[in-house]
Amino acid sequence: MRLADTLHRKLSKVAEPALLFPVIAVTLLTLIWTATIEFIRLEHADTEHVAALSSRELLGTYEAQVVRALREIDQTLNLIKYWQESGRANGTLAELKDRGLLPPDLIFVVSIADRRGAIVDSTRTPQESNVAQQDYFRAQLAREAFFIGQPPRGSTGHSTLQFSRRLNAADGAFDGIAIVSVEASYFVSGYDLARLGEYGVLGIIGTDGIIRVRRSGDAEFSGEAINYGGAVPGSDAVDTDVTISTSSWDGVKRWTSARELYGFPLAVLVGLSVDEQLASAHRKTLTYLWRAGIGSALIILLTGLLGRLSWQLGQSRTRECQVKLAHAERVEYLAYHDGLTGLPNRSLFSKLLGQSISEAHRYDRQLAIAFLDLDRFKQINDTLGHDAGDQLLEEVANRLKGCVRESDSVARLGGDEFVVLLPDLGDPKHAAWVAQKILGVIAKPFTLIGREFRVTASIGISAYPQDGLDEQTLTKNADIAMYQAKAEGKNNFQFYSATLNANSLERLTLESSLRHALEHNEFRLCYQAKRDIGSGRITGMEVLLRWEHPDLGLLAPMQFIPIAEETGLIVPIGRWVLETACSQNVAWQNAGAPPLHIAVNLTARQFVDERLLEDVSAALGNTGMDPRLLEFEISESVLIRDVDATLRILAGLKELGIRIAIDDFGIGYSSLTTLQRFPLDTVKIDRSFIRGIAADPENWGLADAVIEMGRNLSLTVVAQGVETSEQAEFMRAHACDEFQGFYFNRPLPPEEFIQLLLTPANERRLGKSLAAGSA
């Protein structure tokens, strides 16, 4: 198995593209260049072999041509010799020519010189009249032989070769010579450019080492002296020997074949230029090299391309693995951390708390958790937007981390809920000290969207082991203590107690019962009149919701409306309130009551509900209510949360003919410029300003400013929460339009409110009361 694993690893490494592609490329390049070199070698060898064969063939052909010409020349010389020595020379050479015994004088010129070298007869006018000084004459003085005269050294162009034989007198004495003159070009006229090329050679060499004639291309030369022994092989040389040598006369490298002519003092020479004969091989060599180069370049390019693609694929896989790893790490991080603040989330906090409880149980220690919720965070989030809300949460997280020890843990459970784990708690007072420190840092100003804001926090604290032995119980009890801190006025901390748990259970009971209140017809509507400030006449009414709980009795809105808003139950409840109020208003008119405005409150959840306009239209259509008598009261914070969306919703309501009132005006962030953008009909002064008029003169100016602003915007100004004659007189003195409150009428059920509407004496008494108050 170990050997197999080792072999598998080695094969895997070889199979890697980074190694496999170069190995394949090197192998292919080796094969290509080995084959190319072998082709070139075979081509050169074949060319050399063909050149050698051609040289030998040309030599044999040339030898036969030269020997035939020399024999004809020798026969002519022997004929003249016989004709002279036999005593028959009574006539002239012309007679022999006429008889056809001499070769044609176009090529061959036959002459006879006497013993003094004077030309005595010739078939053509001789160029020289006396040849006594010529080598071919002097050579015949000593002996009798076939002799070829030497041409002038270094002669080019047309030269003449002189062939001679000795003529003897009757007594054997020298009597002159017979001469045959032949143009040297005759012996090389068979030069074939197609086979010999421009730098081949045909030539005749004398045994004396003097070249009688040599031709290369169109050029002829005569008279050069060469090493005869080196150029012409001896009689013992192999007949097929073809040597490559560099010619001494022109420095050209040739395949040279030479052969001495039997019976003549001459040798024939044939040479083929190496460069010319190998030219085709060189061309093919270049073709082979060019093809091999292109093939190599393609292989290298393909290998590089495949390598690049392989590298990119590897990089892509690496990046993909890194992305997957980073994604997995990110998923794991987000599974246990809050994406906004980077704090541990509910899951990780649960694990940390479980571990801390185990350690506290093992070592008999105490620990505490502080459950923190920001006060008025929803208002800031709705008013300034979610970006500002997120910025606030991040800053709160940073401040919380600065309030605790390194051993402590801060986590975000969701929304604006944070929790602090305080393990190894030596004294419960330490938890109170940490909570107080947290309240202090949270209370410092926050800079959001370039403006300074302040928020507070409510903190609930539970401790181990007295408030719970497991994480769920401790967290639940800390949450209960936090709600108690909110009930105590917010911006404080509370320790858990059994009483708090009872209150929390009550809230849970209310939430559970609220879900069935509509089905069980437990909701009731009450109506509070709004009156004209001058006449005291009832101008309208506000609808107030009550819950008649089967066990707890009649509950005020503040006891269940926040729960309904959080759970979303306010939408179906509000739909029921709207349709019931419209139906009641129509019923009162049918009973003889005057047409009066009826005001219905819209919460933030109802205002942004996408079916709001559809529900309103349905309620008006089902009840026959005049939409001009319906007025929606909307809080200031809801209006300015998203101005553009608010304008679209208000425009839809105004198209239906409904009046719009801004409720609890004066406690938000809106300005006169902002209010001018909304299609408002009524502004209701917040009851906190009315309540403080008698006690704090500063509230006079605030209330007066709101009334003045309403007058400038042509709005109906309503003072709500009027409970004393001083408050009523102040509103009348400052020209407030309408008012409502316990000073005149408490909220009444419908059967009692109709009696108020149908009793004129009530209005008179109210008018007198107002008149007396003004006096």
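The values are calculated or read from the model by the stated rules, or taken from the named source; none is laboratory data. On a predicted model such as this, the values are computed, not experimentally measured, just so you know. Glycine also receives a Cβ, built like all others from the backbone with ideal geometry; neighbour counts cover every protein chain displayed. Please note that ligands, DNA and RNA were not included when accessible areas were found on the heavy atoms of the full protein model with its side chains. Shrake-Rupley method; radii C 1.70, N 1.55, O 1.52, S 1.80 Å.
Taking only pairs six or more apart or across chains, which ones have beta-carbon atoms under 6 Å, a first residue in region 49-76 that is open to solvent by less than 20 Å² (accessible area, probe 1.4 Å), and a second residue that is among the polar types (S, T, N, Q)?
Matching pairs, first to second residue: 51/277; 55/257; 59/257.
Return the residues of region 520-538 that are under 17 Å from residue 582 (Cβ atoms) and of a type in the set (A, V, I, L, M); say none if nothing qualifies.
525
So if I check each of 359, 395, which one is closer than 20 Å to residue 452 by Cβ, open to solvent by 20 Å² or more (accessible area, probe 1.4 Å), in contact (Cβ under 8 Å) with a residue 12 or more places away in the chain and in contact with a strand residue (DSSP E or B) (Cβ under 9 Å, 6 or more places away or on another chain)?
395
Quick grid of which residues meet (1) at pLDDT below 90; (2) over 29 Å from residue 275 (Cα atoms); (3) surrounded by fewer than 23 Cβ atoms within 10 Å (Cβ to Cβ):
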site	(1), (2), (3)
164	no, yes, no
173	yes, yes, yes
179	no, yes, no
185	yes, no, yes
189	yes, no, yes
193	yes, no, yes
202	no, no, no
209	yes, no, yes
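Out of the residues in region 527-543 that are touching a Ser or Thr at 6+ places or on another chain (Cβ under 9 Å) and of a type in the set (D, E, K, R), which is most open to solvent (accessible area, probe 1.4 Å)?
In this case the residue turns out to be 532.
Exactly one condition in (1) within 24 Å of residue 684 (Cα to Cα); (2) in contact (Cβ under 8 Å) with a residue 40 or more places away in the chain; (3) out of contact with any strand residue (DSSP E or B) (no Cβ under 8 Å at 6 or more places or on another chain) is false for residue 631; which is it?
(3)
Within region 328-346, is there a residue that is at pLDDT 85 or above and open to solvent by 60 Å² or more (accessible area, probe 1.4 Å)?
yes
Determine whether residue 410 is in contact with a Cys (Cβ under 9 Å, 6 or more places away or on another chain), open to solvent by less than 50 Å² (accessible area, probe 1.4 Å) and within 30 Å of residue 432 (Cβ to Cβ).
yes
Take region 215-268 and flag every residue that is among the acidic types (Asp, Glu), modelled with pLDDT of 85 or more and over 14 Å from residue 200 (Cβ atoms).
224, 260
Identify all residues within region 623-635 that are open to solvent by 10 Å² or more (accessible area, probe 1.4 Å) and either among the acidic types (Asp, Glu) or outside any loop (DSSP other than H, G, I, E, B) (or both); write none if there are none.
Selection gives 623, 626, 627, 628, 629, 635.
Identify the residue in region 569-615 that is among the small types (Gly, Ala, Ser) and out of contact with any Ser or Thr (no Cβ under 6 Å at 6 or more places or on another chain) and, among all such residues, is nearest to residue 630 (Cα to Cα).
Here is the first cut: in region 569-615, the residues among the small types (Gly, Ala, Ser) are 574, 581, 583, 587, 591-593, 599, 604.
With out of contact with any Ser or Thr (no Cβ under 6 Å at 6 or more places or on another chain) added as a condition, the list becomes 574, 581, 587, 591-593, 599, 604.
Working: 574: 14, 581: 9, 587: 14, 591: 19, 592: 18, 593: 16, 599: 6, 604: 19 Å.
If we take residues in region 569-615 being among the small types (Gly, Ala, Ser) and out of contact with any Ser or Thr (no Cβ under 6 Å at 6 or more places or on another chain), then 599 is nearest to residue 630 (Cα to Cα).
Please go through region 491-516 and pick out each residue that is touching a strand residue (DSSP E or B) at 6+ places or on another chain (Cβ under 8 Å) and either within 27 Å of residue 431 (Cα to Cα) or modelled with pLDDT of 85 or more (or both).
Across region 491-516, the qualifying residues are 491, 492, 493, 494, 495, 496, 500.
Which helices (runs of 4 or more DSSP H) sit wholly inside region 544-621 and have at least 2 residues that are without any contact (Cβ under 8 Å) to a residue 24 or more places away in the chain and either open to solvent by 30 Å² or more (accessible area, probe 1.4 Å) or touching a Gly at 6+ places or on another chain (Cβ under 9 Å) (or both)?
Values: elements: 557-567, 570-590, 604-607.
Output list reads 557-567, 570-590.
Would you say residue 125 is free of Cβ contacts under 8 Å to residues at least 24 places away in the same chain, within 18 Å of residue 160 (Cα to Cα) and surrounded by fewer than 17 Cβ atoms within 10 Å (Cβ to Cβ)? Let's see the steps before the verdict.
Details: free of Cβ contacts under 8 Å to residues at least 24 places away in the same chain: yes; within 18 Å of residue 160 (Cα to Cα): yes; surrounded by fewer than 17 Cβ atoms within 10 Å (Cβ to Cβ): yes.
Considered against the rule, which asks whether it is free of Cβ contacts under 8 Å to residues at least 24 places away in the same chain, within 18 Å of residue 160 (Cα to Cα) and surrounded by fewer than 17 Cβ atoms within 10 Å (Cβ to Cβ), residue 125 comes out as yes.
Yes/no matrix, rows are residues, columns are (1) assigned to a loop (DSSP other than H, G, I, E, B); (2) modelled with pLDDT under 90:
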position	(1), (2)
125	yes, yes
137	no, no
140	no, yes
158	yes, yes
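Inspect region 90-104 for any residue being within 25 Å of residue 204 (Cα to Cα), surrounded by 16 or more Cβ atoms within 10 Å (Cβ to Cβ) and more than 60 Å from the chain's Cα centre (by Cα) and give the result as yes or no.
Just the residues of region 90-104 that are within 25 Å of residue 204 (Cα to Cα), to begin with: 102-104.
Still in the running and surrounded by 16 or more Cβ atoms within 10 Å (Cβ to Cβ): 102-103.
So of that shortlist, the ones also more than 60 Å from the chain's Cα centre (by Cα) come out as 102-103.
Yes, some residue in region 90-104 is within 25 Å of residue 204 (Cα to Cα), surrounded by 16 or more Cβ atoms within 10 Å (Cβ to Cβ) and more than 60 Å from the chain's Cα centre (by Cα).
Might you let me know whether region 187-207 holds any residue that is in contact with a helix residue (DSSP H, G or I) (Cβ under 7 Å, 6 or more places away or on another chain), small (Gly, Ala, Ser) and over 17 Å from residue 59 (Cα atoms)?
No, every residue in region 187-207 fails to be in contact with a helix residue (DSSP H, G or I) (Cβ under 7 Å, 6 or more places away or on another chain), small (Gly, Ala, Ser) and over 17 Å from residue 59 (Cα atoms).
Tell me yes or no: at least one residue of region 596-617 is of a type in the set (Lys, Arg) and out of contact with any strand residue (DSSP E or B) (no Cβ under 8 Å at 6 or more places or on another chain). Let's see the steps before the verdict.
In the first step, residues of region 596-617 are kept if they are of a type in the set (Lys, Arg); the result is 605, 611.
Now drop any that are not out of contact with any strand residue (DSSP E or B) (no Cβ under 8 Å at 6 or more places or on another chain), which leaves 605, 611.
Checked region 596-617: at least one residue is of a type in the set (Lys, Arg) and out of contact with any strand residue (DSSP E or B) (no Cβ under 8 Å at 6 or more places or on another chain).
Has region 295-312 got at least one residue that is hydrophobic (A, V, I, L, M, F, W, C) and touching a Ser or Thr at 6+ places or on another chain (Cβ under 7 Å)?
No, there is no match, as no residue in region 295-312 is hydrophobic (A, V, I, L, M, F, W, C) and touching a Ser or Thr at 6+ places or on another chain (Cβ under 7 Å).
What is the residue count in region 252-290 for residues that are farther than 18 Å from residue 46 by Cα and among the acidic types (Asp, Glu)?
So the answer is 1.
Consider residue 468 carefully, then state whether it is surrounded by fewer than 22 Cβ atoms within 10 Å (Cβ to Cβ), part of a loop (DSSP other than H, G, I, E, B) and not aliphatic (A, V, I, L, M).
Numbers: surrounded by fewer than 22 Cβ atoms within 10 Å (Cβ to Cβ): yes; part of a loop (DSSP other than H, G, I, E, B): yes; not aliphatic (A, V, I, L, M): yes.
Yes: the conditions hold for residue 468.
Within region 83-91, identify whether any single residue is at pLDDT 85 or above and either part of a helix (DSSP H, G or I) or over 30 Å from residue 306 (Cβ atoms) (or both), and answer yes or no. First the steps, then the outcome.
The initial filter retains those residues of region 83-91 that are at pLDDT 85 or above, namely 83.
Narrowing further to those that are either part of a helix (DSSP H, G or I) or over 30 Å from residue 306 (Cβ atoms) (or both): 83.
Within region 83-91, one or more residues are at pLDDT 85 or above and either part of a helix (DSSP H, G or I) or over 30 Å from residue 306 (Cβ atoms) (or both).
Among (1) under 21 Å from residue 754 (Cβ atoms); (2) out of contact with any helix residue (DSSP H, G or I) (no Cβ under 7 Å at 6 or more places or on another chain), which single condition is residue 588 missing?
All conditions are met except number (2).
Within the set of pairs 6 or more residues apart or between chains, which connect a residue that is under 18 Å from residue 212 (Cα atoms) and without any contact (Cβ under 8 Å) to a residue 60 or more places away in the chain inside region 165-184 to a residue that is in a strand (DSSP E or B) and of a type outside the set (Phe, Trp, Tyr) with Cβ atoms less than 6 Å apart?
184/161; 184/213; 184/222
Here are some conditions: (1) under 14 Å from residue 404 (Cβ atoms); (2) acidic (Asp, Glu); (3) in contact with a helix residue (DSSP H, G or I) (Cβ under 6 Å, 6 or more places away or on another chain). Residue 467 meets all but one. Which one does it not meet?
Status for residue 467: all satisfied but (1).
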